[in-house]
Every structure is written in C-alpha cells, then in structure tokens.
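Working notes, beginning with the structure itself.
The values are calculated or read from the model by the stated rules, or taken from the named source; none is laboratory data. As the structure is a computational prediction, the values presented were derived from the model and not from experiment. Positions of Cβ are backbone-derived with ideal geometry, glycine not excepted, and every protein chain shown enters the neighbour counts. Ligands, DNA and RNA are excluded from the accessible area calculation, which covers all protein heavy atoms including side chains. Shrake-Rupley method; radii C 1.70, N 1.55, O 1.52, S 1.80 Å.
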Amino acid sequence: MSSSRDTFVNRRRLIRFLAASPLFAGSTGIALAQEFLPRSRYSDPVTWWPQDPTHLIKDPKEAINVFDFEPVARQNVPPAHFGYMASGIDDEVTLRANREGFLKFQLRPRRLVDVSKVDMSVDILGTKYSSPIVCAPVGGQRSFHDDAESGVARAAKAGDHLQILSTMTSDTVEDVTKARGAPIWFQLYATNKWEVAAAITKRAENAGCTALAVTVDRSGGRNQETLARLRPSDTRDCSGCHDRTNLQSSLKTRAMWKGLDLTGLTNTQSSAMTWDFFKRMRDHTKMKILAKGILAWEDAAMAADAGLDGIIVSNHGGRAEDSGRGAIESLREVVDGVGGAMPVLVDSGFRRGTDIFKALALGASAVCIGRPYVWGLAAFGQPGVEEVLNMLRRELALVMRQAGTPSLARIDSSYVIDRGHW
C-alpha cells in the first residue's frame, strides 16, 4: 500500500515539474504529462495529433490553419524583426485579450436554411470586394520577406481583398498600387509636423488611394518588452539598414519619407492630435477619411459628428496600450456609438473564420487581418500570404453555412450571444 501511494505521489510531483518547466511548455508538455496520468485523468477532448514543435511545414499547402505559419516565420526572420512583429506592450495582457475576447461570444446557428451557395461579397465605402477580409497595414514588410508589400498586394489581388498600406511601408505606394492592380487605402501616422502629413497624404491620393485611415492610438509611446528581450540575440550588424542616429536619419530611407523636409520632426505619431486635425485633413484631400484606433462609444459618436467616413476599431494588435480589453469586446459599443452613420471595420486578434463571423454579427462591415498574413509572408513570401487569405475565406464560408447565413447581409446580432449579458 505504501509503495503504491509513493508511486502516486512521485508521479504527481513529476507532472508538476513538467508543467512548470519551460522545456516542456506548450502542447508537447501536455502530451508528455498525459503519459503519466491515469486514464481517468486524460483531458477531454484528448489531443491526438502529433505534438512535435520541431516539425515545421515545408509548403503553404501543408498548413492546417494560420497558426502553422508562425513557427516557420520565427525560423526565417531575424530575432529583432520577429520580436518587433510579435511584441505587445508591458505584460501583453491586451495581446492575449484580443484572442480570449472571442470566447465571450458564442454563435447561435439557425437550421433548415439553403446554404448550398454562399455569397461573401461586400461593399466597403463604395467598392465591392469578394470577401470582408482586409489586409491591415503593417510596416516594414521587407523585414519579413523580400516580396514585401508588393507581394502582399499580388496576394490580395488573387483573392480580391482590400489592402491598406502603412505609412512605414518598405515599398512605395505607387509600386504597391500597381501590384494590386486596383486602388488601395493608405494608413497615416500624422507626425507632429502638418507639412509632412500633408505631403504623404497628397502622394497617396495621387497614387490612386481612395481612403485615408488616420491612426489615433499611438500618442503615448509604448514599452515593447518582447522586442527588448529578443533584440540582444540578433547578432547581425544592422547599421547598413538602420541609421538610428536620430529620427530623421532613421526615416530617410523609408519609401514614403524620401525627399521630405523632416526638420523639426520629433515623432512619427502625434500626441497633440485633436478632432481639428480631421477638419484640416478634410480640406486637404478628396480621399475618404477614417479614424483607426477608436475603442469607446463617446469617440465613435464624435467621429460621426465630425463627418468622418468610417472607423476602424483597433488596439493596434495589442501594441498601442495594455488596457486588457480585446478589440472584439469594444466593437459593439463603437457600432452603437456611430448609430449607422458610417461603416465600422475592426482589427486585432483575428485568426479564424469564426472570429470574423462574430465581428460581422456584432456590426462590423469588414475585418482587417494583420499578423496572420505577415506569418505567411515571412514563411513563404507571396504564396504564404495567398494561402493564409485562402484559409480565412474557406473558414468564413464554412461557418456561414454552419450558422445558416448564405450571405453577409443575413448575418446580424441574432446569430451571436454575449455570454456576459445573455
């Protein structure tokens, strides 16, 4: 009896050790720990697929979901570049909340609906696209693969996706527009100097961009600890690509900043921005204007009063502030705040077709994807981006059939339950 009890106690100690050890962190640790558990203590459901974290996909078509691309991207991308992309800020509570927030909303499917044909097409500010999945602005994409933003544009063209180009793009707006073969949107960091913002905006407009998404959530700086921890492990000499002598030197090689007078520029974002900036921008450009980074209904109502053309609900993928609130949790109040006056898009944390469906049910007109397509780009270039976008379209079509919604127009709030308020 004593021997049996000793065996049980030792087994429990071993399990605790495995659970605490970083060597066995993640799904591999779960699988190993299960080997020492009595059968009655197996997890439900049991994880049956291979748990080898060293087995990476060799081709985009081998991927089962978008998460399969991230470890390949981690292998391919220098530590500093990967750290920049993967990092949240502070304790990265918001980074995790962007994923955990989806669990608070459950689907409410309807039955006996003809879903033999599914129409995912959507009109976004007067232009029709084949799906509501948008490529969000991500800066410096040549840091992840030489195909860069132009490769993403070709992938977006293949699937007929709207693409939003970052102010910090590696490729010029002219080249990306040419690669997309259709007008794109442009994301703007306003800077502390109106003349710089005005010049960049006019260049985007002349290149054929139809909308300007002004980022409003980067006014307070940020503490990117994941980047700070990964950067020292990057042994490359980065001085050839990055001149960090001062802000002007670091920007002079960027595609959209070349030839600009950067004298007096102290910040690429503007901590002094108010609603007056949008009034001034309205007089400066014919493009439609959106505010990117709105999270509260009061600001949404003010955006509507200011005559903006749209809002992008966003916490910058957990990179703007560590509020601890997922973007999906902010969506409904922003939709209520605008009262139907303008389309509301959303980004931050979207990885699955079910995620996209939930956002559409909560009132979003479209959903912007960021890190997943960057994983695809870093892993395999343009083909990786294409496959990530293909996967998300397929998953969205599947959940639309499962929910009984043959078109986006059929998706409304009756198809989702807020677990906290039902």
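The figures follow:
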item: Residue ranges of helices (runs of 4 or more DSSP H) in segment 144-246 with at least 1 members without any contact (Cβ under 8 Å) to a residue 60 or more places away in the chain and of a type in the set (K, R); result: 148-159, 173-180, 194-206
item: Failed item, numbered, when D276 is tested on (1) open to solvent by 90 Å² or more (accessible area, probe 1.4 Å); (2) closer than 25 Å to I124 by Cα; (3) not β-branched (V, I, T); result: (2)
item: Test result for D160, open to solvent by 10 Å² or more (accessible area, probe 1.4 Å) and on the phi > 0 side of the Ramachandran plot; result: yes
item: Matching entry among L392, L398 (being within 24 Å of V113 (Cβ to Cβ), at pLDDT 95 or above and open to solvent by 40 Å² or more (accessible area, probe 1.4 Å)); result: L398
item: Complete set of residues in segment 79-114 that are over 19 Å from P372 (Cβ atoms), open to solvent by 30 Å² or more (accessible area, probe 1.4 Å), of a type outside the set (K, R) and not in a helix (DSSP H, G or I); result: D90, D91, Q106, L107, P109, L112, V113, D114
item: Failed criterion for S271 (all others in (1) modelled with pLDDT of 80 or more; (2) open to solvent by 80 Å² or more (accessible area, probe 1.4 Å); (3) hydroxyl-bearing (S, T, Y); (4) within 27 Å of the chain's Cα centre (by Cα) hold); result: (1)
item: Which numbered condition I356 fails, given (1) open to solvent by 40 Å² or more (accessible area, probe 1.4 Å); (2) in contact with a helix residue (DSSP H, G or I) (Cβ under 9 Å, 6 or more places away or on another chain); result: (1)
item: Of all residues in segment 279-314 being farther than 13 Å from V334 by Cα and within 25 Å of the chain's Cα centre (by Cα), the one that is most open to solvent (accessible area, probe 1.4 Å); result: K288
item: Set R419, R410: member being open to solvent by 30 Å² or more (accessible area, probe 1.4 Å) and closer than 13 Å to L107 by Cβ; result: R419
item: Selection count, segment 122-137, where residues are in a loop (DSSP other than H, G, I, E, B) and open to solvent by 30 Å² or more (accessible area, probe 1.4 Å); result: 3
